[in-house]
Amino acid sequence: MDLVEDDDGGQVFLHGMLVYVWDAGEHAMRRFVAVKLWDMKTAKIAEIAAAFGVHEDTVWKWHRTLNSEGFAALSSDKPGPKGGSKLTALVITHIQDLKKKTGLSNRRIGTQVGVSEFSVRRALTLTPPDEAAESPVVAPSATDPVKSALSAAAVQEELPVLPAPTDRTSERMSASFGALTEVPPAFAPAARVPLAGMFFALPALETTLLLRCAPKVFTGLSNRVYGLNTLLLEGVLRTLVGEPRAEGATRLNPTAFGRILGMDRSPEVKTIRRQYQGLVDTGKVPELMSLIAFERFAADNNPDTGLLGIVYVDGHTRAYEGGKKIGRLHSTRLKMPVPETSETWVSAANGDPLFMVMAQPSASLVSELKALVPQLRAMIGDDRRMLVGFDRGGWSPALFAHLHKAGFDVLTWRKGTTGDVDDALFSPENYVDEHGTTHTWDRVADTEVDVLLSAKTGEIMTMRQVSQIVPRTTRTGTRQIHILTTLDTQKTISTAEVVFRMAARWRQENYFRFGRERFALDAHDSYASGDDDATRLVPNPAKAKAKLVQDNARNYRDAVAGTVTAAMLAINTPAPGAAGIRITNQMHNDIHAPLLAAETTAAAAEDAYRQLPARVPLGESRPGQQVLDQEMKRFTHIIRMAAFNTAVTLAREIRTNTRFRRADREAHNLVRQILKQPGDIDPTVPGILTITLDPMPTQRETAAVSDLCASLTDTQTRYPGTDLILRYAIKERL
């Protein structure tokens, strides 16, 4: 069954054939068609009611009316109240006088006057007819955030509380027939809308560039009800309220969430998965991730400083617990080898993730850093220099030289034992970060050190070494830790900033922890898998076994040699009082026979170990090994990165532009409260979409959100896919 309605009327098609037609205004015929479709069992009553934009009970009442009273009884009556309005000019004036003189509650005033409490609230916002005639009404300026907020507060009582969502049936049908490429967002006035706080994420989401870059990459998409912006917006907002997986859509009210998306309902799980897979199948997901990173690098370009960029690189493993044959790697978090996949993440200086690449199984951070060099250079340009920070897992003097030659500076912890720096070189250092916070270190030294690049050639590389004296973690006393960087000795950045930038690498670890706990960073969003590259060279497992056999043979040989030495010493030492000793060749051979056998075994084990290749094709060592789907995971990473960066941006806005005293500790908690807070949606002012949030649980939080509203309104953010400028306000606590 297909229903198509427009301004001229409606049509119903069954199996592609036109069966019913009615003109605009023929309400009786329209209701008759709905009843007959139910009688013919062309669809369930719920589906028919949804198509005609009514409740199931309404279709049932039409059916009863048709059978009992006939076709004429289906004609529509006059909508609205049956009698005249009780709020006459006299009643309005009387209500306002009672409120001014007595201060009674709205309920008691309504009882005295004989109207409802809602009518009393409405009467208090109206102007008596005599005053309205004397003073003209001046509409608030749409460009003035303060007047818009006051206007929203003045009319909030007139907004209908959770009315039926806007009927989008005809637009859905048009999209299914190819007349629309997507159904555009549309908003209706509504009060007390659940999850209205989600609108507060939109200005911060704009800074992630996701909605700007995605249409540039995914072009020529097929006709769909939920467009690209709506689909991405749904994923980010759902993640922000704690439902990062597609199945989380079942735990959000589809009608309430649909109001936020400008739709009659939010997409179902099967729709989300199908459209995600459609985007992944285009093969353009890596291009989208690269474009977002490129745009962010371009936006952060600052020609006024010598150091134009700072990124942190680290590996992240995702454990797998299913039944597929996945390669095992050592997990530092679980402290044991488990089946898992590896990812290499690149984050900005403030810890915000920029992009990630799927690492080869069992690849080291050193090899991944080398592979990232061309991609980073393409993103930041040919002349721009960048500081790359990483932990001791990337320690490799050869890598340092490679990165420095490619135009990158290195920042990492020194690995291995090294001599201490003279205590006389240490002094206090201070650094003021981007938030105005002063960081102090009591004992820091800035020196130079020569790092050996190759033991064969003796080539060395001079690097800058910044050392600190810190307490020992396992026992009393202090120890020195050292930071190495290839930044020149002319101090492109200060000594204190080197220490701060190295410590700031933990912001990337914070993202891994936060994302794993709240954004399902390690979730397997696809059950698909593929065969691993059978020709890929991997460490030969037989080599490790042969190494163990060789070591055991050598140890046994050494033990036997000790026994033989002791036996030979015994026969060469005469007993006290003996005239002499006699050692025959047979005695010598008998004592050395076990040693000769052990040496032969050890030599054979060494020869077998040398003949085995160190690396063999994967198909030979572990046939049938699989890898998990990567492109779907990469796409969901893009959405979760955008959600994380959105939440962090909102938290920074609270810390810097509000009077919230606990912002340093509770900014993220406040963000989560805001996103789940109900509020009003008011699109009545042309070109403006006003969001008025309900008061927060406490006065200090309400005041902080009020400051945030002013800051977000100043951004002049437009709702994605529309020309509506977002304005924000919050109701005062009573």
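Points to keep in mind about this one:
- Principal axis dimensions, segment 373-495 - Cα atoms, whole angstrom, descending: 46, 45, 28
- Translational diffusion coefficient of segment 552-592 (Stokes-Einstein, Kirkwood radius from Cα pairs, 25 °C, 0.890 mPa s): 212 µm²/s.
- Extension gain from Ser68 to Ile581, taking 0.36 nm per residue of separation minus the Cα-Cα distance: 171.5 nm
- In range of the label at Ala299: residues from segment 638-660 whose backbone nitrogen is under 16 Å from the point 7 Å along Cα→Cβ: 638-653
- Anchor Lys284: aspartates and glutamates whose Cα lies under 13 Å away (excluding residues fewer than 8 positions away in-chain): Glu631
- Shape analysis of segment 572-692 yields a ratio of the Cα radius of gyration to the Kirkwood radius, Rg/Rh, of 1.63.
- When segment 342-457 is described by a simple charge dipole with +1 on each Lys and Arg Cβ and -1 on each Asp and Glu Cβ, the residue from Gln375, Thr438, Ala348 located farthest towards its positive end is Gln375.
- Coupling constants for segment 602-608 follow from the phi torsions by the Karplus curve (6.51 cos²θ - 1.76 cosθ + 1.60, θ = phi - 60°), and in residue order they are 5, 5, 5, 5, 5, 5, 5 Hz; glycine and proline get x.
- Spherically averaged projected area in nm², based on the convex hull that wraps the Cα atoms of segment 385-442: 6.0
- Label point 7 Å beyond Cα of His404 along Cβ direction - residues of segment 444-480 with amide nitrogen under 18 Å: 446-467
- Between 0 and 90°, nearest 10: helix 285-299 axis offset from the chain longest Cα axis: 90
- With eigenvalues of the C-alpha gyration tensor scaled by 5 and rooted, segment 442-500, Å: 25, 18, 7
- Principal-axis tilt of helix 365-380 within the chain, Cα atoms, nearest 10 degrees: 50
- Solvent-accessible area per residue in the chain equals 51 Å², computed with a 1.4 angstrom probe and all protein chains kept.
- Lys, Arg +1 and Asp, Glu -1 on Cβ, resulting dipole of segment 233-283 about Cα centre, debye, nearest 20: 80
- Leu221-Thr478 pseudo-label distance in nm [points 7 Å out on the Cα-to-Cβ vector]: 5.9
- Once the Cα gyration tensor of the chain is diagonalised, semi-axes √(5λ) in Å: 71, 36, 23
- Under 5 Å, built H, 5+ apart or other chain: amide partners of Phe355: Val346
- Taking a straight Cα-Cα cut-off under 14 Å and skipping sequence neighbours fewer than 8 places away in the same chain, the aspartates and glutamates within cross-link reach of Lys370 are Asp314, Asp409.
- Globularity index of segment 357-411, i.e. its alpha-carbon radius of gyration over 2.2 N^0.38 Å: 1.10
- The residue among Ala602, Ala188, Gln625 whose Cα reaches farthest toward the positive pole of the charge dipole of the chain, with charges on the beta-carbon of Lys, Arg, Asp and Glu, is Ala602.
- 3J(HN,Hα) along segment 255-262: 6, 5, 5, x, 4, 5, 7, x Hz, from the Karplus curve 6.51 cos²θ - 1.76 cosθ + 1.60 with θ = phi - 60°, whole Hz, x for Gly and Pro.
- Cross-link reach is defined here as a Cα-Cα straight distance under 26 Å, omitting same-chain residues fewer than 8 places apart; for Lys335 the lysines meeting it are Lys324, Lys325, Lys415, Lys543, Lys545, Lys547, Lys633.
- 3J(HN,Hα) couplings calculated from phi for segment 204-210 with the Karplus curve 6.51 cos²θ - 1.76 cosθ + 1.60 (θ = phi - 60°) are, in sequence order, 5, 5, 4, 6, 6, 6, 5 Hz; Gly and Pro show x.
- Pairwise centroid distance, computed over Cα atoms, of segment 1-52 with segment 446-463, Å: 82
- Per-pair calculated FRET efficiency, R0 = 60 Å: Val161 and Leu537 via Cβ, rounded to 0.05: 0.35
- The mean sequence separation of alpha-carbon pairs under 8 Å and at least six residues apart, normalised by the residue count of segment 409-505, gives a relative contact order of 29 percent.
- With a Förster radius of 35 Å applied to the beta-carbon distance between Ser711 and Asp6, the computed FRET efficiency rounds to 0.25.
- Note on segment 521-592: percent of Cα-Cα distances in each 10 Å bin, starting at 0 and stopping at the bin with the largest distance, equals 14, 20, 17, 14, 11, 9, 8, 6, 2.
- Computed from label points 7 Å out along Cα-Cβ, the spacing between Arg121 and Thr656 is 3.8 nm.
- Taking the square roots of 5 times each eigenvalue of the Cα gyration tensor of segment 474-518, largest first, gives ellipsoid semi-axes of 26, 20, 7 Å.
- Sequence-separation-based contact order of segment 661-734, relative, with Cα cut under 8 Å and 6+ spacing, percent: 31
- 0 to 90° range, to nearest 10: angle between helix 699-713 axis and the chain longest Cα axis: 90
- The chain, relative contact order in percent, only Cα pairs under 8 angstrom and at least six apart counted: 14
- Residues Leu612 and Arg665, FRET efficiency given R0 of 60 Å [Cβ-Cβ distance, rounded to 0.05]: 0.55
- Other-chain or far-sequence residues with amide H under 5 Å of Asp314's (modelled H): Trp345
- Whole-angstrom gap from segment 363-406 to segment 635-681, using each part's C-alpha centre: 33
- Amide H contacts of Val538 (H built 1.01 Å from N, under 5 Å, at least 5 apart or other chain): Val616, Leu618
- Stretched out straight at 0.36 nm per residue, the stretch from Asn510 to Arg385 would grow longer than its current Cα-Cα span by 42.4 nm.
- Taking only protein heavy atoms and a 1.4 Å probe, the accessible area of the chain is 52% carbon and sulfur.
The values are calculated or read from the model by the stated rules, or taken from the named source; none is laboratory data. Keep in mind it's a predicted model, so treat the numbers as computed, not measured. Note: ideal-geometry Cβ built from the backbone for every residue, glycine included; neighbour counts use all protein chains shown. Keep in mind that these areas ignore ligands, DNA and RNA; they rest on the heavy atoms of the full protein, side chains included. Shrake-Rupley method; radii C 1.70, N 1.55, O 1.52, S 1.80 Å.
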